[in-house]
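Presented below is the structure to which this report refers.
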Amino acid sequence: MNEPDTSSYETRTVPAPVSGDPTALPDLMMAWGLGWAGSRGVPRPVILPGGFRADVGLRGHRVRYVLHTWDVEMLAALDRQVAAPGTWIKVSGRGADLRRALSAGWTMDDTGYLMSVPFAADAVDTGTPYEIRVATAGDVVVATVLDGAGATAASGRLAPAGEFGIIDQVETAPAHQRRGLGTAVMRTLSDHAARNGMSTGLLVATDDGRHLYRSLGWRVRSEIAAAFVPEN
């Protein structure tokens with residue numbers, strides 16, 4: 001795989017944001033990238049001009065480039081250097097603008113939405129027959145809702161990035177949907193984050209997911225357009 005020419009700038013692993021305006025979009029996206037990598041167990045992202053690179057290492061998703069600041073010329077140059085199968089590009093902005101900036105070999109993915117919320121402590125009771133369990137795996141917190149038979153009905157993950165907590169992979173099994181379990185997972189993770197020094201939550205939602213998160217007080221900070229080069 002071709003990597004971008006880094007001879008003209010220094011790359012470094014992404015730190016948790018510690019200065020500047022913590023509500024600025026670049027800080028939010030960099031914090032999200034750091035937490036997302038922690039949640040997924042991939043190497044810490046590497047800073048690039050305007051964003052970062054995450055070496056995911058999966059078939060169909062070898063590497064992803066995430067940009068909070070970009071222009072057409074910058075994307076065109078990145079396109080020329082990295083358009084190998086399994087490469088993803090995600091940017092803050094509209095899908096139509098990303099599509100115009102890339103060559104024909106890229107496939108557009110669904111638009112996501114970077115969202116944030118102030119965390120608050122909020123004890124949760126799912127009610128019978130469900131039970132919530134919280135476990136940790138390194139720095140990552142996993143909230144799991146079990147049904148009466150002990151099977152997983154819903155789950156979600158929380159990874160820290162300085163003062164931010166990144167919520168990831170919130171899922172409800174089809175047989176248990178529309179019972180408030182996704183909300184219970186979100187509130188459980190928010191409660192844990194607030195009690196452990198994380199003040200602001202971040203996530204990237206699907207179009208369907210953002211409606212649930214809005215009902216819980218989250219707000220959209222940016223559209224996240226995405227494109228990838230298919231890998232057969």
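The values are calculated or read from the model by the stated rules, or taken from the named source; none is laboratory data. Keep in mind it's a predicted model, so treat the numbers as computed, not measured. Note that each Cβ is placed from the backbone with ideal geometry, even for glycine, and that neighbours are counted across all protein chains shown. The area values use the complete protein model at the heavy-atom level, side chains included, leaving out ligands, DNA and RNA. Shrake-Rupley method; radii C 1.70, N 1.55, O 1.52, S 1.80 Å.
Assorted remarks:
- Residue 101 being open to solvent by less than 20 Å² (accessible area, probe 1.4 Å), without any contact (Cβ under 8 Å) to a residue 60 or more places away in the chain and out of contact with any Ser or Thr (no Cβ under 9 Å at 6 or more places or on another chain): yes
- Residue match in segment 182-189 (condition: of a type in the set (D, E, K, R) and in a loop (DSSP other than H, G, I, E, B)): no
- The residues in segment 170-181 that are open to solvent by 70 Å² or more (accessible area, probe 1.4 Å) and either in contact (Cβ under 8 Å) with a residue 60 or more places away in the chain or part of a strand (DSSP E or B) (or both) can be counted, and the count is 1.
Per-residue answers, yes or no, for (1) open to solvent by 20 Å² or more (accessible area, probe 1.4 Å); (2) closer than 18 Å to residue 202 by Cα; (3) modelled with pLDDT of 95 or more:
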site	(1), (2), (3)
3	yes, no, no
11	yes, no, no
17	yes, yes, no
27	yes, yes, no
38	yes, yes, yes
46	yes, no, yes
49	yes, no, no
69	yes, no, no
74	yes, no, no
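- Qualifying residue in segment 170-187 (condition: among the hydroxyl-bearing types (Ser, Thr, Tyr), within 24 Å of residue 108 (Cβ to Cβ) and in contact with a helix residue (DSSP H, G or I) (Cβ under 7 Å, 6 or more places away or on another chain)): no
- Listing of strands (runs of 3 or more DSSP E) fully contained in segment 117-161 that carry 1 or more residues being touching a Phe, Trp or Tyr at 6+ places or on another chain (Cβ under 8 Å): 140-146, 152-161
This table checks each residue for (1) of a type in the set (Asp, Glu); (2) touching a residue at least 40 places away in the same chain (Cβ under 8 Å); (3) touching a Pro at 6+ places or on another chain (Cβ under 6 Å); (4) buried (at least 17 other Cβ atoms within 10 Å of the Cβ).
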position	(1), (2), (3), (4)
157	no, yes, no, yes
162	no, yes, yes, yes
183	no, no, no, yes
192	no, yes, no, yes
210	no, yes, no, yes
227	no, yes, no, yes
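- Per-region count, segment 114-145, residues surrounded by fewer than 17 Cβ atoms within 10 Å (Cβ to Cβ) and closer than 19 Å to residue 198 by Cβ: 11
- Residues of segment 213-225 that are within 25 Å of residue 95 (Cβ to Cβ) and open to solvent by less than 60 Å² (accessible area, probe 1.4 Å): 213, 218, 220, 222, 224, 225.
- Checking the stated criteria, residue 201 turns out to be surrounded by 13 or more Cβ atoms within 10 Å (Cβ to Cβ) and farther than 30 Å from residue 104 by Cα.
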